[in-house]
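Each value in this text was obtained by applying a stated rule to the coordinates, not by laboratory testing. What you see is a predicted model, and the numbers here were worked out from it, not measured in a lab. Cβ placement follows ideal geometry from the backbone for every residue including glycine, while neighbour counts extend to all protein chains displayed.
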Amino acid sequence: MHHRFEILLGLENNTILLTMPLLSAGCIMFWKWRKAREFIEKDVEWWTLVFFLLLFAQAGALHYTGATDVLAKYLAGIAGHNQISLIILIITSSAIGSSILDNVVLVAAFIPVIQSFKDMGFNLQPFWWALLFGGCFGGNITLVGSTANIVALGILEKERNIKLTFLRWFWIGLTVGIVSIIIATIALIFLPIYK
């Protein structure tokens with residue numbers, strides 16, 4: 001709904017998306033002012049926040065430098081300007097990419113790539129779904145592939161003193177990720193959900 005409110009109020013894109021967390025945190029700190037210092041020192045996952053801050057900076061740099069436009073042309077060339085081949089390529093590359101990077105960052109970096117396909121005459125709806133499925137399912141493959149994975153691991157280590165190794169997570173995540181991606185790819189190609 002944030003974009004609808006921005007249009008209604010005449011604000012720039014993502015203004016509400018950026019300000020609401022700050023206003024919410026400020027209200028909580030004002031409301032619970034006696035425990036504000038304790039919240040900030042003990043309850044905020046600072047390492048997780050810094051990690052994501054740097055990942056989002058990386059996605060912004062890719063868009064700013066024009067790397068995403070080059071990538072869109074490259075992907076369309078590989079797929080031979082074929083819609084089905086491009087769906088498979090998007091879901092596969094976003095799954096692999098989001099298993100290496102955080103899936104939110106990868107999807108954010110891929111948004112301008114998908115938008116670039118419109119100028120090439122493609123129907124974008126299946127590409128959005130391919131990006132969604134690839135990013136989400138691929139993010140489950142590794143520990144760093146998803147925001148939820150990192151937050152859950154931080155809580156496990158902090159509260160339960162449980163540590164998971166990369167490879168222990170990887171083999172289970174890889175199996176689940178590949179099966180999920182294959183099912184989603186088949187659905188995108190054969191189910192008429194975007195006509």
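Odds and ends about this structure:
- Among Glu12, Glu41, Glu159, residue whose mean-square fluctuation peaks in a GNM of the chain (springs only between Cα atoms under 10 Å): Glu12
- Angle in degrees between helix 15-31 and the longest Cα principal axis of the chain, rounded to the nearest 10: 20 degrees
- Virtual spin-label span in nm between Glu45 and Phe190, 7 Å along Cα→Cβ: 3.8 nm
- Residue with peak Gaussian network fluctuation, the chain [Cα springs, cutoff 10 Å], from Ile155, Ile40, Ile141: Ile40
- Using the Cβ-Cβ distance between Leu22 and Phe166 with R0 = 41 Å, the FRET efficiency computed as 1/(1 + (r/R0)^6) comes to roughly 0.75.
- Histogrammed with a bin width of 10 Å, the alpha carbon distances of the chain distribute as 8, 27, 32, 23, 9, 2, 0 percent, first bin at zero.
- Cross-link partners for Lys32 among the lysines, with Cα-Cα distance under 24 Å and sequence neighbours closer than 8 places in the same chain left out: Lys42, Lys158.
- At full extension, Ile84 and Met29 could sit 14.8 nm farther apart than now, given 0.36 nm per residue minus the alpha carbon distance.
- Size descriptor, Kirkwood hydrodynamic radius, that averages inverse alpha-carbon separations across the stretch 1-44, Å: 11.9 Å
- Taking the helices alone, the chain has a mean residue ellipticity at 222 nm of -23000 deg cm²/dmol, built from -39,500 (n - 2.57) per DSSP H run of at least 4 residues and averaged over all its residues.
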